[in-house]
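Below is one structure, written out as C-alpha cells, with a few remarks after it.
The values are calculated or read from the model by the stated rules, or taken from the named source; none is laboratory data. Only a predicted model underlies this, so the values are computations on that prediction, with no experimental measurement involved. Counting neighbours? That spans all protein chains shown, and the Cβs are built from the backbone with ideal geometry, glycine included.
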Amino acid sequence: MPFKSIPQKFNASIKEVVIGTGEAAVTLGGANVLPLYGFDAPIRNPPRVGIEVSDLGPDRDLPGIAEFYAGAETAADQVRRACEKSGAAFVSLSLESADPNGADKPVEDCVALCREAAAAATLPLVIQGSKNVEKDKALFEKIAEALEGRNVLLLSAKEENHKAIAVAAVLAYKQNIGAESAVDINLAKQLNVLISQAGVTTPNVVMNVGSAAAGYGFEYVASTMERVKAAALAQNDTALQFPIVTPVGSEAWAVKEALVSEEDFPEWGPVEQRGIDMEVATAAAVLAAGSDAVILRHPASVKAITKLIAEII
C-alpha cells in the first residue's frame, strides 16, 4: 500500500516577536506546525542561532575561540567580531561580571558597557543578566532605558523580578523580555500569565523554559518543551504561544566532558572538540524539542547548527 502523507497543521500558531531594528531585525516564532515539521507546512520563520559574548572575555585557552577573537580585546570589539560570524542571526552579551557572588560590577558600568556593545553591533542584541534576581532587576531597568529604540531582548525575567522588568523594559521603553522558568510547563505558564497581568499585552515576550546539557537530565527539558508546543498549538493555549529562546552555551561548556583535561581522559579526545560536540548535540536536541532560537558560544557550533537548520527547513 502506498504511503499517503497527512499534514498535521493547527489553527493556532506561536506569536511572532521581533528583536532588533531595520534590515538586520530577526523575527522569532510564527509557526503553526510542530518543531521542524516543514513537511507539514512551510515554517514561517526558521529557528535562529545567536552567538554569545561574555563581558569577562572569551576562553582564549581554546584555540578555535582564541583565533576567532584574535585582536578583539574589549567587549565591544568582541560583539563586533561576533556579528561577522556567518550564520549568526543575533549576538547575546552575557553580563557575568555583574554577579554579586563574582566581580559584582556596578550597574552603571554594565550599562555603559551595553551602550558600547550596542554601538558596535550590526545584528540584533540580546542581553543576558547576572542570574541574580535583585541585581538583574536593577540592571535591566537601566539597560532598557539606555538602549531605548534598539528593540533588544533582555534575558531573562523570573517570577521574583518579572513585574519591575516588564514595566521598565516593555511598557516604558518598548524592549523585549524573556520569561525564565525552571523546566516546568506549569511554572512557564504561570509566569507568562503574571507578565500579562503586569500590563504586557503586546508581542514582546519570549520564553526561556530552562535547559541542560545533553545527557544531564535533558529528558526533562525535552518533555517540557514538547508539552509547551503541544498545548500552544493543539489546545490553543494562548498563555504558552510564545517563542522559546534557549541559552545552550552556558550549559554545554560547564559539564565534565567539556572541562576535564585530555591528560586525565586521553581517550575522550581534545577538550575543545568535546565542548563543541556537546554544544551541537544539545542545540540540535532543543531545536527538535521546540526551541525557536539557541544561543551558542563556539563559532564552530554556530556553523554546524546553522547548516543543520538550513538542510532541515
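For this structure, a couple of remarks:
- In the range 83-106, the residues that are in a strand (DSSP E or B) and either more than 16 Å from the chain's Cα centre (by Cα) or hydrophobic (A, V, I, L, M, F, W, C) (or both): PHE90, VAL91, LEU93
- Selected residue (criterion: nearest to ASN208 (Cα to Cα)) from residues of the range 260-277 that are in a loop (DSSP other than H, G, I, E, B) and in contact with a Phe, Trp or Tyr (Cβ under 8 Å, 6 or more places away or on another chain): VAL260
- Residues of the range 224-242 satisfying the condition of being outside any helix (DSSP H, G or I) and of a type in the set (Gly, Ala, Ser): ALA234
- Filter result for LEU191 (over 20 Å from the mean Cα position of the chain (by Cα), of a type outside the set (D, E, K, R) and in a helix (DSSP H, G or I)): no
- Test: residue in the range 238-249 that is modelled with pLDDT of 95 or more and more than 19 Å from the chain's Cα centre (by Cα): yes
- Qualifying residue in the range 165-174 (condition: buried (at least 22 other Cβ atoms within 10 Å of the Cβ) and assigned to a loop (DSSP other than H, G, I, E, B)): no
For every residue, the table says whether it meets (1) under 17 Å from LEU28 (Cβ atoms); (2) touching a Gly at 6+ places or on another chain (Cβ under 8 Å); (3) free of Cβ contacts under 8 Å to residues at least 40 places away in the same chain; (4) not β-branched (Val, Ile, Thr).
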| residue | (1), (2), (3), (4) |
| --- | --- |
| VAL228 | yes, yes, no, no |
| ALA232 | yes, no, no, yes |
| VAL286 | yes, no, no, no |
| ARG297 | no, yes, no, yes |
| LYS303 | no, yes, no, yes |
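- Of the residues making up the range 206-219, those that are out of contact with any helix residue (DSSP H, G or I) (no Cβ under 6 Å at 6 or more places or on another chain) and modelled with pLDDT under 95 are GLY210, GLY215, TYR216, GLY217, PHE218, GLU219.
Yes/no matrix, rows are residues, columns are (1) over 29 Å from GLY102 (Cβ atoms); (2) touching a Lys or Arg at 6+ places or on another chain (Cβ under 9 Å):
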site	(1), (2)
THR21	yes, yes
LEU34	yes, yes
ARG60	no, no
GLY71	no, yes
LYS85	no, yes
PHE90	no, yes
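- ILE65 being over 25 Å from TRP253 (Cα atoms) and among the β-branched types (Val, Ile, Thr): no
- The set of residues in the range 278-313 being outside any helix (DSSP H, G or I) and basic (Lys, Arg) consists of ARG297 alone.
- Close pairs from the range 195-206: first in contact (Cβ under 8 Å) with a residue 40 or more places away in the chain, partner assigned to a loop (DSSP other than H, G, I, E, B), Cβ under 6 Å, at least 6 apart: PRO203/LYS15; VAL205/PHE242; VAL206/PHE242; VAL206/PRO243
- Within the span defined as the range 252-267, one or more residues are among the hydroxyl-bearing types (Ser, Thr, Tyr) and over 17 Å from the mean Cα position of the chain (by Cα).
- Residue satisfying condition, being part of a loop (DSSP other than H, G, I, E, B) and not small (Gly, Ala, Ser), within set ASP77, ASP40: ASP40
- Looking only at residues in the range 175-195 that are under 25 Å from ILE51 (Cα atoms) and touching a strand residue (DSSP E or B) at 6+ places or on another chain (Cβ under 8 Å), the one that is surrounded by the most Cβ atoms within 10 Å (Cβ to Cβ) is ALA179.
- Of all the residues in the range 2-37, those that are at pLDDT 95 or above, charged (D, E, K, R) and assigned to a loop (DSSP other than H, G, I, E, B) number 2.
- Residues in the range 105-121 that are within 14 Å of LYS137 (Cα to Cα) and either of a type in the set (S, T, N, Q) or in contact with a helix residue (DSSP H, G or I) (Cβ under 8 Å, 6 or more places away or on another chain) (or both): VAL107, GLU108, CYS110, VAL111.
- Test set (1) touching a strand residue (DSSP E or B) at 6+ places or on another chain (Cβ under 7 Å); (2) of a type outside the set (Lys, Arg); (3) free of Cβ contacts under 8 Å to residues at least 40 places away in the same chain - PRO270 fails condition number: (1)
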